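Below is one structure, written out as structure tokens; comments come after it.
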Amino acid sequence: MTTPASSAPAAVPAEPATATGVRQTLLVLGASGDLTGRLLLPGLGRLLATGAVPGLRLIGSGMDGWDDERWRRRVADSFGAVGAVGPAESEVIRETRYVPADVTREEDLRSLLGCCTGPLVIFFALPPLVTARSAAALARIGVPPGTRLMLEKPFGVDRISARSLNELLAILVPEDQVHRIDHFLGKSTVLNLLGLRFANRIFEPVLNSAHVACVDIVFDETLGLEGRAGYYDGAGALVDMVQSHLLQVLALLAMDPPPSLRAEELRGRKAQVLRATRLWRDDPTVASRRARYTAGEINGRRLPNYTDEPGVNPGRNTETLAELSVTVDNWRWAGVPFRLRSGKAVDAVRKEAIITFKQPTRVPDGLTGYERPDRLRIGFGPDRLGLDLNINGPGNPFELEQVNLTADFGPGDLPAYGEVLRGAFEGDPTLSVRADVAEECWRVVEPVLAAWKAGAVPLQEYRAGSAGPADSLIGPVSDET
């Protein structure tokens, strides 16, 4: 039986273990928020449908005065949207509860912990500052032994707050029981980078500064704000996407081979890369671009100016497109620019990492048509591997043309949130972000945030439905690099 720390009231006795394992509780703080309904609950439903986490008990909590029935409808709708309608999912829906609470108050948290039985996972689906206040309150009252904590990015709002949060979490539980969630690390295609790089001898020997001209990591979308001003207008594209997701992808692309995929070894390799990462030329005015969209049309949809979107404060100068150029200053990658970009309301969806190789030392006289370098392209949506190669074209054998060889990655068994939830329930932190890595990601972008705040990098504009600013660090993939 698991009981809370001595300062909290005794928990309800744990129910008997099921035939396949001990019954666990998932406590969701911020259960009435957008993230819970849009991402967390669908991922949980798919996970339950696989037969994992037998007998799970789900408790939601938030500031909204919902009752159990309204919460059950939200859970049922989210599960149903992903086809999670089996007996196990129905049992979770039937038994789930919603407890209104201020999760920054010790008294409310004590009451919530008293509702939980068995091994406990607490998911903080909260803004960073509220997460910190809730963690501070939990640190004062304690949590049941073995509790695992799941935190949604961003982890803090800068390096100092991230370090402060890490110190609070270390009081609560050991580091390997903290699951800082970057759901990009649960995407099957991102994880396929490990197999692509380390399970063959074709690419790994040439992934270094001797052969690679540049690496681009892009996550562009045609969607605009979509009603997320409450979060997005305070974060912007740099913090929302580049500081978190894209730096994690960079770490997987650039890290040295780990001896195994055990959590301590894989996460250690990622930390090494990020410690070596710094701005290109150490100059944020050279290494960054920022812009926001104006009114335009995308696929027949009319978008207003970003500043006219509901809930936006124009005075914040929030960017909807951010670009960053960095270098990984180590033996393997020194001198190779890694260019990261994320933009909203652009003309086309583009979610990929592109490794552009250097030109051959010399193309023999007599061969013509060489125009574009070879590229390795890893798509994150759709999940696809592409290789652009220069070969002899049909007709004139002396004329080169570029062809694209493609292979589709099979979809993963689970969506990204299902994968990261499974890691927490199984006590496996492999897909979570380690404390020092969270701080390193803030270190990389801190000079850029400071330069932007000081106005040293102008806030450009681009029409919704266009390709973005004209002087983008990253051009279309069809362009010569």
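The values are calculated or read from the model by the stated rules, or taken from the named source; none is laboratory data. Note that this is a predicted model, so its numbers are computed, not measured. Cβ coordinates were reconstructed from backbone atoms using ideal geometry, including for glycine residues, and neighbour counts include every protein chain displayed. Side chains are part of the model used for accessible areas, which takes the heavy atoms of the whole protein and leaves out ligands, DNA and RNA. Shrake-Rupley method; radii C 1.70, N 1.55, O 1.52, S 1.80 Å.
A few comments on the model shown:
- Full-stretch length increase - Ile160, Met63 - with 0.36 nm per residue and alpha-carbon distance subtracted: 32.2 nm
- Volume of the Cα convex hull of the range 124-176, divided per residue and given in Å³: 73 Å³
- Binned Cα-Cα distances of the range 134-211, short to long, each 5 Å bin given as a whole percent: 3, 12, 16, 16, 12, 10, 11, 9, 6, 3, 1, 0
- Over the range 206-306 - Rg/Rh using Cα atoms and the Kirkwood inverse-distance radius: 1.06
- Length gained on full extension, Asn396 to Arg332: 19.1 nm, using 0.36 nm per residue less the C-alpha separation.
- Cleavage-rule hits, GluC sites (Glu not before Pro), the range 400-434, DSSP coil, Cβ neighbours within 10 Å at most 13: Glu426
- Efficiency of FRET from Cβ geometry, Leu223 and Leu405, R₀ 45 Å, rounded to 0.05: 0.90
- Using a probe of 1.4 Å, the accessible surface attributed to Asp347 totals some 80 Å² when neighbouring protein chains are kept in position.
- Across the range 326-426, the relative contact order, built from alpha-carbon pairs under 8 Å that are at least six residues apart, equals 17 percent.
- Treating each Cα of the range 70-224 as one equal point scatterer and applying the Debye formula with no solvent, the log10 of I(q)/I(0) at q = 0.10 Å⁻¹ comes out as -0.57.
- Over 26 Å (Cα to Cα) - which of Lys270/Lys351; Lys187/Lys358; Lys153/Lys344; Lys351/Lys453 fall in this group: Lys187/Lys358; Lys351/Lys453
- Charge dipole (debye, nearest 20) of the chain; +1 at Cβ of Lys and Arg, -1 at Cβ of Asp and Glu: 480 debye
- Computed over the chain, relative contact order equals 18 percent, with contacts defined as Cα pairs under 8 Å that lie 6+ residues apart.
- Nitroxide proxy distance, nm - points 7 Å out along Cα→Cβ at Asp77 and Asp176: 4.1 nm
- Longest stretch of the chain clear of exposed loop sites (trypsin sites (Lys or Arg not before Pro), DSSP loop, at most 10 other Cβ atoms within 10 Å, sites excluded): 1-200.
- Shape class for the range 430-479, computed from the alpha carbon gyration tensor (a ≥ b ≥ c): oblate, with a/c not under 1.5 and a/b at or below b/c.
- The heavy atoms of Thr104 present about 20 square angstrom of accessible area, all protein chains included, probe 1.4 Å.
- 10 Å binning of all Cα-Cα separations within the chain, expressed as whole percents from 0 upward: 4, 18, 28, 26, 16, 6, 2, 1, 0
- Extension gain, Val22 back to Asp365 (0.36 nm per residue minus Cα-Cα distance, nm): 116.4 nm
- Kirkwood-type hydrodynamic radius, the range 278-366: 16.4 Å, calculated from all non-identical alpha-carbon pairs.
- Its Kirkwood hydrodynamic radius, worked out from the mean inverse distance over all distinct Cα pairs, puts the range 356-481 at 19.8 Å.
- Selection from Asn396, Gly300, Ala348, by position along the positive dipole direction of the chain (Cβ): Ala348
- Charged-residue dipole, Cβ positions (Lys, Arg, Asp, Glu), the range 339-472 about Cα centre, Debye nearest 20: 360 debye
- Each residue of the range 246-262 was assigned a 3J(HN,Hα) from its phi angle through the Karplus expression (A = 6.51, B = -1.76, C = 1.60, θ = phi - 60°), giving 6, 5, 5, 5, 3, 4, 5, 5, 9, 6, 6, x, x, x, 8, 9, 5 Hz with x at Gly and Pro.
- Over the range 15-172, relative contact order from alpha-carbon pairs under 8 Å, at least 6 apart, %: 26 percent
- Over the chain, DSSP H runs of length four or greater, each weighted -39,500 (n - 2.57), average out per residue to a 222 nm ellipticity of -9000 deg cm²/dmol.
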